[in-house]
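The values are calculated or read from the model by the stated rules, or taken from the named source; none is laboratory data. What you see is a predicted model, and the numbers here were worked out from it, not measured in a lab. Heads up, the Cβs are rebuilt from the backbone with ideal geometry, glycines too, and the neighbour counts pull from every protein chain shown.
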Amino acid sequence: DTLQADPTHTGAHALLSSVFGFDAFRPGQEEIVDAVIAGRNVLAIMPTGGGKSLCFQLPAMVRNGLTVVISPLIALMRDQVQALKAVGVEAGALTSGNTDEETDEVFAALSENRLKLLYMAPERLASGGTLPLLRRANVSLIAVDEAHCVSQWGHDFRPDYLRIGDLRRALDVPLAAFTATADEETRGEIITRLFDGQTPETFLRGFDRPNIHLAFAVKDQPRRQILGFASARKGQSGIVYCGTRAKTESLAKALSDAGHLAQAYHGGMEPERRRDVERQFQQEDELIVVATVAFGMGIDKPDIRWVAHADLPKSVESYYQEIGRSGRDGAPAETLTLFGPDDIRFRRTQIDESPAPSERRAADHARLNALLGLAEAQTCRRQTLLSYFGETSAPCGNCDLCDSPPALFDGTVAVRKALSAVLRCDEGFGAGHLIDVLTGTMTDKVRQWNHDQLSVFGVGKEYDKRQWNAVFRQMMGADLVRPNPDRFGALFMTEPAMPILKGEASITLRRDTLAKAHKGPVAKA
Ligand code: ADP
Ligand code: ZN
């Protein structure tokens with residue numbers, strides 16, 4: 001049954017959320033993870049920030065035995081080990097930065113076969129004791145980070161990387177190599193030196209899906225918006241994603257009433273009934289499935305012509321994955337994502353009320369901010385999306401913002417006020433409090449910190465809270481301020497914001513998202 005996800009798949013997915021706290025794979029990750037779990041030799045080229053480490057950490061946890069990770073970056077190794085330990089994964093590092101105590105701990109864990117990941121610097125391979133140590137340690141996978149360091153002609157050549165080939169031959173286990181920069185020549189060298197010239201399964205794919213048209217819209221009678229979008233595509237297969245189960249039911253009914261073939265789908269339905277809907281969707285050419293995120297995993301229908309989000313997704317990753325279910329046949333597909341203040345509140349609350357530790361909640365907020373930045377992007381939507389995954393690209397000509405560039409205005413004054421509020425409050429507070437300060441709103445927190453005494457208190461009365469929120473969201477989208485995961489998501493100012501604060505640079509903002517709220521009759525969503 002093609003609709004049934006295979007067990008490895010579900011295992012990896014479960015770990016993705018339970019251990020890493022992510023709701024979706026990033027582009028490319030899932031295919032790489034599957035190949036590494038399956039024990040194939042892999043060369044993966046992903047942009048910096050694309051999420052390489054997950055591609056060996058997750059397989060290391062799924063596979064039996066120990067994964068040895070070779071990396072040249074000691075600080076990074078220590079960070080990763082710490083992060084893994086914090087979520088209960090047995091990991092250790094052997095680096096020159098270790099204390100004796102740390103090293104003893106690693107050896108103890110190794111001898112008890114407890115360790116799942118062992119990080120080591122390439123220099124360690126030069127020591128005579130390393131190979132015997134690893135031979136005893138039930139190694140089942142070697143992961144090589146920054147694999148281009150094996151290239152003698154590159155800038156980052158590390159002679160000890162040449163020893164990795166010997167290690168692989170001696171242990172006779174699969175090897176997964178990762179790098180962000182590999183021109184064809186470097187790739188050739190990696191294959192020669194790490195894989196003995198046997199071409200591994202290579203992942204070098206752009207993340208772009210150019211046939212998918214991207215569009216966002218601020219909610220304004222959302223049911224009407226979705227019905228309109230669906231009616232313009234009558235007779236085509238489509239998915240409408242909703243934030244709640246109840247909404248899938250009511251929206252499916254509204255679509256049926258409007259003459260569409262539509263079915264609701266969510267995790268609360270009988271499995272039997274869900275399989276029916278899946279089967280019907282696979283077979284029919286004009287069914288609309290109105291679903292929660294439970295729908296889609298394992299759906300393999302190439303000709304889904306459109307995807308709409310009746311509510312804002314959880315993260316850029318989820319967004320990408322959900323719209324990515326359309327147009328797999330390469331023919332044009334269209335998407336529409338609705339968002340509004342309620343979504344943002346809903347998602348924030350969802351994060352704040354989750355039982356996750358505070359650092360993870362802060363990271364979730366940061367990811368939500370990235371999605372809001374995408375929602376309120378000023379230039380090519382696709383460029384913004386791809387740059388989040390580390391990829392640079394030209395304006396696409398196939399998104400709403402390329403179709404009709406939004407009206408902008410000079411937001412320098414507003415942004416400067418916001419930035420000075422960030423600084424005056426010592427970069428220790430989130431947007432909510434900063435907006436109270438800007439609008440001169442007396443709250444307990446303002447009183448407690450004497451923020452009514454600040455020169456910025458009440459200097460932003462020209463905008464209401466909603467408008468200031470739009471300013472802050474756009475500032476986050478432009479990466480002028482960022483939530484600090486170490487301070488519960490308090491906003492701090494980034495380097496690029498400095499010229500604006502000092503009056504040496506100006507900034508434009510989108511006018512539409514700052515407009516007064518629509519006051520017409522609002523359809524029930
Ligand atoms: P690099 O490819 O540069 O090694 P990392 O592995 O350090 O990148 O990942 C970059 C960032 O992306 C990290 O902050 C990581 O937590 C985040 N990340 C990785 N995978 C995902 C995912 N599936 N969903 C959300 N965030 C992710
Ligand atoms: Zn575009």
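A few comments on the model shown:
- Residues satisfying the stated conditions in the stretch 349-359, i.e. assigned to a helix (DSSP H, G or I) and either within 16 Å of ligand 2 (Cβ to nearest atom) or surrounded by fewer than 18 Cβ atoms within 10 Å (Cβ to Cβ) (or both): THR349, GLN350, ASP352, SER358, GLU359
- Restricted to the stretch 280-324, and to residues there that are outside any helix (DSSP H, G or I) and of a type in the set (Gly, Ala, Ser), the residue that is farthest from ASP220 (Cα to Cα) is GLY298.
- Of all residues in the stretch 375-405 being more than 12 Å from ligand 2 (Cβ to nearest atom) and in a loop (DSSP other than H, G, I, E, B), the one that is surrounded by the most Cβ atoms within 10 Å (Cβ to Cβ): GLU376
- When THR192 is tested against (1) surrounded by fewer than 19 Cβ atoms within 10 Å (Cβ to Cβ); (2) at pLDDT 95 or above; (3) within 29 Å of the chain's Cα centre (by Cα), only condition (3) is not met.
- Filter result for the condition that a residue is small (Gly, Ala, Ser) and farther than 23 Å from ASP300 by Cβ, over ALA407, ALA333: ALA407
- Those strands (runs of 3 or more DSSP E) lying entirely in the stretch 59-142 with at least 2 residues out of contact with any Lys or Arg (no Cβ under 8 Å at 6 or more places or on another chain): 66-70, 117-120
Each row is one residue, and each column tells you yes or no for (1) among the β-branched types (Val, Ile, Thr); (2) touching a residue at least 12 places away in the same chain (Cβ under 8 Å); (3) in contact with a Leu (Cβ under 7 Å, 6 or more places away or on another chain); (4) over 26 Å from GLY296 (Cα atoms).
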position	(1), (2), (3), (4)
LEU175	no, yes, yes, yes
ARG193	no, yes, yes, yes
GLY197	no, no, no, yes
ASP208	no, yes, yes, no
VAL218	yes, yes, no, no
PRO222	no, yes, yes, no
PHE229	no, yes, yes, no
GLN236	no, yes, no, no
ILE239	yes, yes, no, no
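- Those residues of the stretch 153-197 which are within 16 Å of ligand 1 (Cβ to nearest atom) and not aliphatic (A, V, I, L, M), in sequence order: ASP156, PHE178, THR179, THR181
- Neighbours by Cβ (under 9 Å, 6+ apart or cross-chain): first from the stretch 396-410, free of Cβ contacts under 8 Å to residues at least 24 places away in the same chain; second more than 6 Å from ligand 2 (Cβ to nearest atom) and of a type in the set (Val, Ile, Thr): CYS402/THR379
- Within the stretch 140-152, the set of residues being surrounded by 20 or more Cβ atoms within 10 Å (Cβ to Cβ) and more than 16 Å from ligand 1 (Cβ to nearest atom) comprises LEU141, ILE142, VAL150, SER151.
- Within the stretch 37-51, tally of residues that are touching a Lys or Arg at 6+ places or on another chain (Cβ under 8 Å) and more than 9 Å from ligand 1 (Cβ to nearest atom): 5
- Residue satisfying condition, being in contact with a helix residue (DSSP H, G or I) (Cβ under 7 Å, 6 or more places away or on another chain) and more than 16 Å from ligand 2 (Cβ to nearest atom), within set GLY21, GLY50, GLY28: GLY21
- Search result, residues across the stretch 384-412 that are more than 16 Å from ligand 1 (Cβ to nearest atom), under 22 Å from the mean Cα position of the chain (by Cα) and over 17 Å from ILE323 (Cβ atoms): ALA394, PRO395
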